Amino acid sequence: MATERTFSIIKPDATRRNLTGAVTKMLEDAGLRVVASRRIHMTREQAEGFYAVHKERPFFNDLVSFMISGPVVVQVLEGENAVAKNREVMGATNPANAEEGTIRKTHAESIEANSVHGSDSAENAAIEIAYFFKPEEIVG
Ligand code: UDP
């Protein structure tokens, strides 16, 4: 498997509890390299655009409000099989179902405030990376 890139967000519940470093260490320990990183406070429009695929889901409005409730850290991660590796270290969406040792089992507060986002496919990773980063901001 060739080196690939994925997109990650450290969500407001994690930045609020000062867990940016702790979460990043878990990503790095899983073999992922942070090749771009920026701390931002998303606008409502930005968050709605990012989660547009979930527009019709019942949790959409609450999710957008949560994602703009505080700063987030948007990151590009690089490594072998990065998309799947990141999903593995993140753990299940609902922390109650997440495996021991995963970021969500260790740190998440709830199914909504679950500390991290990670792209679910290489195709979506490319779209999500381009939503937040210019090519020259990514330094591999
Ligand atoms: N989410 C939620 N309630 C749900 C399902 C999801 O608030 O019942 C939120 C949660 O923050 C999740 C995000 O919506 O991370 C995107 O959902 P998805 O099913 O894509 O989960 P993920 O890929 O993040 O594990």
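The values are calculated or read from the model by the stated rules, or taken from the named source; none is laboratory data. All values derive from a computational prediction rather than experimental measurement. When we count neighbours, we look across all protein chains shown, and the Cβ atoms used for this are built from the backbone with ideal geometry, even at glycine. Note: areas computed on protein heavy atoms with side chains; ligands, DNA, RNA excluded. Shrake-Rupley method; radii C 1.70, N 1.55, O 1.52, S 1.80 Å.
Table: residues versus (1) of a type in the set (D, E, K, R); (2) within 16 Å of T106 (Cβ to Cβ); (3) modelled with pLDDT of 95 or more.
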{"position": "S8", "(1), (2), (3)": "no, yes, yes"}
{"position": "K11", "(1), (2), (3)": "yes, yes, yes"}
{"position": "A30", "(1), (2), (3)": "no, yes, yes"}
{"position": "M42", "(1), (2), (3)": "no, no, yes"}
{"position": "Q46", "(1), (2), (3)": "no, no, yes"}
{"position": "A52", "(1), (2), (3)": "no, no, yes"}
{"position": "R57", "(1), (2), (3)": "yes, no, yes"}
{"position": "F60", "(1), (2), (3)": "no, no, yes"}
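Scan the stretch 1-10 residue by residue and report those that are within 15 Å of the ligand (Cβ to nearest atom) and open to solvent by 10 Å² or more (accessible area, probe 1.4 Å).
Across the stretch 1-10, there are no qualifying residues.
Can you tell me how many residues in the stretch 101-129 are within 11 Å of the ligand (Cβ to nearest atom) and open to solvent by 50 Å² or more (accessible area, probe 1.4 Å)?
Here the count works out to 5.
For the stretch 74-100, give me each residue that is surrounded by 20 or more Cβ atoms within 10 Å (Cβ to Cβ) and more than 13 Å from the ligand (Cβ to nearest atom).
V74, Q75, V76, L77, G79, A82, K85
Quickly run through the stretch 25-51 and pick out the residues that are under 21 Å from N124 (Cα atoms), away from the ligand (no atom under 12 Å from the Cβ) and part of a helix (DSSP H, G or I).
Residues satisfying the conditions are L27, R44, E45, Q46, E48, G49.
Check whether at least one residue in the stretch 96-109 is within 14 Å of F132 (Cβ to Cβ) and either in contact (Cβ under 8 Å) with a residue 60 or more places away in the chain or part of a helix (DSSP H, G or I) (or both), and report yes or no.
The answer is no, given that none of the residues of the stretch 96-109 is within 14 Å of F132 (Cβ to Cβ) and either in contact (Cβ under 8 Å) with a residue 60 or more places away in the chain or part of a helix (DSSP H, G or I) (or both).
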